[in-house]
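One structure below.
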Protein chains: 6
Amino acid sequence: MAEEQFDSLEEKIGKVPKIFRDLKDSNPELFQSVMGLDHLVWAEGCLTRKEKKLIAIAIAAAMRDPHAVRAQIAGAPNLGVTLAEIEEALRVTFLLSGMPAYVHGRAAAEEIYNK
Amino acid sequence: MAEEQFDSLEEKIGKVPKIFRDLKDSNPELFQSVMGLDHLVWAEGCLTRKEKKLIAIAIAAAMRDPHAVRAQIAGAPNLGVTLAEIEEALRVTFLLSGMPAYVHGRAAAEEIYNK
Amino acid sequence: MAEEQFDSLEEKIGKVPKIFRDLKDSNPELFQSVMGLDHLVWAEGCLTRKEKKLIAIAIAAAMRDPHAVRAQIAGAPNLGVTLAEIEEALRVTFLLSGMPAYVHGRAAAEEIYNK
Amino acid sequence: MAEEQFDSLEEKIGKVPKIFRDLKDSNPELFQSVMGLDHLVWAEGCLTRKEKKLIAIAIAAAMRDPHAVRAQIAGAPNLGVTLAEIEEALRVTFLLSGMPAYVHGRAAAEEIYNK
Amino acid sequence: MAEEQFDSLEEKIGKVPKIFRDLKDSNPELFQSVMGLDHLVWAEGCLTRKEKKLIAIAIAAAMRDPHAVRAQIAGAPNLGVTLAEIEEALRVTFLLSGMPAYVHGRAAAEEIYNK
Amino acid sequence: MAEEQFDSLEEKIGKVPKIFRDLKDSNPELFQSVMGLDHLVWAEGCLTRKEKKLIAIAIAAAMRDPHAVRAQIAGAPNLGVTLAEIEEALRVTFLLSGMPAYVHGRAAAEEIYNK
C-alpha cells in the first residue's frame, strides 16, 4: 500500500518524496501524518486534481521557490495539464507577484514540457 | 487601522482598484497599460475566470497578504465561486505555505461569505 | 479527548483554533490530519516545547506575519518562555530578516507580556 | 487596529524606533550596534539620503510589510521626497513584486502626503 | 521597432526576454501589454533610469530572488551604475531584509562587475 | 552553478561571510558595525548559541533561502547540533511555512551531515 502512496506522491511532488520515504522507517508516525495531509490536499473534491495542480504551480512560482516550481510542474503532464493552462495560471502569478515570478514559472514549464 | 480606513483600502484593492481608476486622468498611459494587463490576466481562455479567481485567492493567502486576500475573495461570489471551493484551494496553500496562510485565507473567506 | 486537543492547540496558536474546531464536524478527516501534524510538531523530543515555541515566534516574525506572531506569542507564557528569551530569539530574526521583522516581533511580545 | 495602537506602532517603527530607544538603557551594547548600523545605512555617500529613502519605500512595499511601508514613508517628506517620486519608485515594485505591493505602497503614500 | 524594444529589455532584465520574445508571435496581445508596462516602469520621469535600476536591484535582493538579482544587475553597467552605488543600495536591503539578502546581492554584483 | 562557484558562494555566506571580511579594509566602519551586530546576535545569553543556531536554520528554511540554509547548517555541527535536532526544528518550519520549506531544509541538512 505504502508503495502506491509513494508513487502517487512522486508523481505529484517530484523530487520531494525521497525524504518522506525515509520517514517511513525512521519516523512512521510523522510519515503517516504527512501522507494523510497530502491525501486530503490532493483528493478530488469540489476541485479536480488538475485544478489543484495549477493552483500549486501558481503558488510555488509566486513564492519564487524554484525547487517547488519544478517539483509541482514535474507532476503536471500526468494529470493532463497543458503548457497553455500553466501559462494562464502564471499570468495570475504575474499580477499578484510580479514579472520575475512569472518568468521563473514559465521557464521551468517550458523546460519540462519541451524536453 | 480604523474601520473607515479599512473600507477605503478594500475599495482601493478591488478588482480595478480605485487607485488605478484615479490613474485614468492623472496618468492615462499607465492606466491603459495596467487595464490591458488586467484584462489579459482575467480573460476567459484555457482557464475560466472562476478557476483564475481560485488561483488568485490561493496565491494571496500563500503570500500572507491580508488585503489582497480580502480583495480577491470579495470578487469571488459574483463569479460563482463557493466557499467549499475556496476551502479546497486553500488546502493547497496550507501544503505549500503553512498553516497560518491557510487560516488567514479561510478566516477572510468565512467573514465575506457568511456575512 | 478532542477538547483537550483544542485547549492544547489554543494555548499554542491563539486565534487559529476556531477554524479547526469547526473542521471537527464539517470535515473530521482533515481535522484528524491537522491535529496529528500539530501533535508531531509540538511533542517533546530532542527539543523541548519551549524551544520549539521560540523557533515558531522567530519564524513568524521573520515572515512578517502579524497574526502568526501574536498567535505564537500568546501561547508562550504558559510554556515558561520569558520576554528576554523572545527578545534574544528575535535578534536572530533581525540578522536573517531585517529590522522591521524584529520590531514587529518585539512590539507584539511587549504588548502581550506587559498587559 | 485601534488608532492609539497604530500611533504607538508608528512611533515604534519610525526611523529610530521607540523600541530601540528603550534599548539605550536596557541593553546599551545592542543599542550602539543598531544605531551604528542605522547610521551607516542612511549616511550620505554615493547615494543621497533621499535616494535611499525611495529604495527603502520600494523594498518595504515589495515585501508587503504595511508597517514598514508607513514607517518609511512617514520620514520621506522631511527628506524632500515627493509623492510623484514615490509613485515612480513603486512602479518598479509593481514590476518586481506585483500589483498588490504597488497598491499598498501607493495607498499609504497618498494617506500620508494628502492628510 | 520590436527589435529595439527587445534590445532595450535585454539590457534591463538580462535572461528574461527570451520568454517574452516568444510571446511576440504566440501571444502578441500579452506581448504588447508587457512591453507597455515595462516601458512605463523604466521611462525617465521624476527618477532617472539609473535610480530605478538601483531600486530594482535592492528589491530583487530583498526578495531573495537570485535570478532577478542577477538579471537586474546585468543591465546596471550600461546605465552607468557603479559597484559602490549598488553596495550602498544593498545596505538598505540589509536593514529591511537581513544579512543574507545583502550578501546575495553583493556576491552577484561583484561577480558581474569584476569579471 | 559550477562547483567552484558554489564553493565560492558557500565561502561567502559562512558565519562571517567573506564579503564582510573584505569590508575590513575597504570599509572598516561598516565592518565593525556588522561584526558588532553579529556578536550580539550570537553571544550566549538566555539562549545558548546552539539554540540560536536552530532558530537561524528554521528561519532560513522558512524563508526558502537555500544559501542561507546551507550557510547556517554548515556551522551547526561545530556547535554540537545534531541532525535530529535540526529535523525537529524544521517541523516547526513545516507547520508555519509549508512542506517545501521543510524539504529544502532537510535536504540541505542531510547533505551536510551525511557527507
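Each value in this text was obtained by applying a stated rule to the coordinates, not by laboratory testing. Computed from a prediction, not measured in an experiment: that's the story for all the values here. Using ideal geometry, Cβ is built from the backbone for each residue, glycine included, and neighbour counts are taken over all protein chains shown.
Along each principal axis of its Cα atoms, how long is the range A:62-102 end to end? Whole angstroms, biggest number first, please.
Cα extents, longest axis first: 28, 21, 10 Å.
Would you tell me the mean number of C-beta atoms belonging to other protein chains that fall within 10 Å of each C-beta in B:100-113, as a whole number? Present the calculation step by step, with values, prior to reporting the outcome.
Values: counts 16, 8, 5, 10, 5, 0, 5, 5, 0, 0, 3, 0, 0, 0.
That average works out to 4.
Over the whole of F:22-32, what's the average partner chain Cβ count within 10 Å per residue? Rounded to a whole number, please.
Details: counts 2, 2, 0, 0, 2, 3, 0, 4, 9, 1, 3.
The per-residue average across the peptide is 2.
Classify the range B:46-115 from the C-alpha gyration tensor, please: rounded if a/c falls under 1.5, else prolate or oblate depending on whether a/b exceeds b/c. Intermediate results must be reported in sequence, preceding the final value.
On the way: a/c = 1.61, a/b = 1.21, b/c = 1.33.
Note, shape of the range B:46-115 comes out oblate.
Report the net charge of residues surrounding D:ASP65, where surrounding means a beta-carbon distance below 12 angstrom and charges are Lys +1, Arg +1, Asp -1, Glu -1. Could you put the intermediate results ahead of the total?
Details: positive: B:ARG64, C:ARG64, D:ARG64, D:ARG70; negative: B:ASP65, C:ASP65.
Result for the neighbourhood of D:ASP65: +2.
Sort A:93-105, B:75-87, E:83-95, C:51-63 by packing, meaning the average of other beta carbons within 10 Å per residue, with the highest value first.
Numbers: A:93-105: 27.3, B:75-87: 17.1, E:83-95: 24.0, C:51-63: 29.2.
Packing order, densest peptide first, comes out as C:51-63, A:93-105, E:83-95, B:75-87.
With θ set to phi - 60° and the Karplus curve 6.51 cos²θ - 1.76 cosθ + 1.60, what are the ³J(HN,Hα) couplings of the range F:69-76 in order, to the nearest whole Hz, using x for Gly and Pro?
For the range F:69-76, the Karplus-derived couplings read 4, 5, 4, 5, 5, 4, x, 6 Hz, x marking Gly and Pro.
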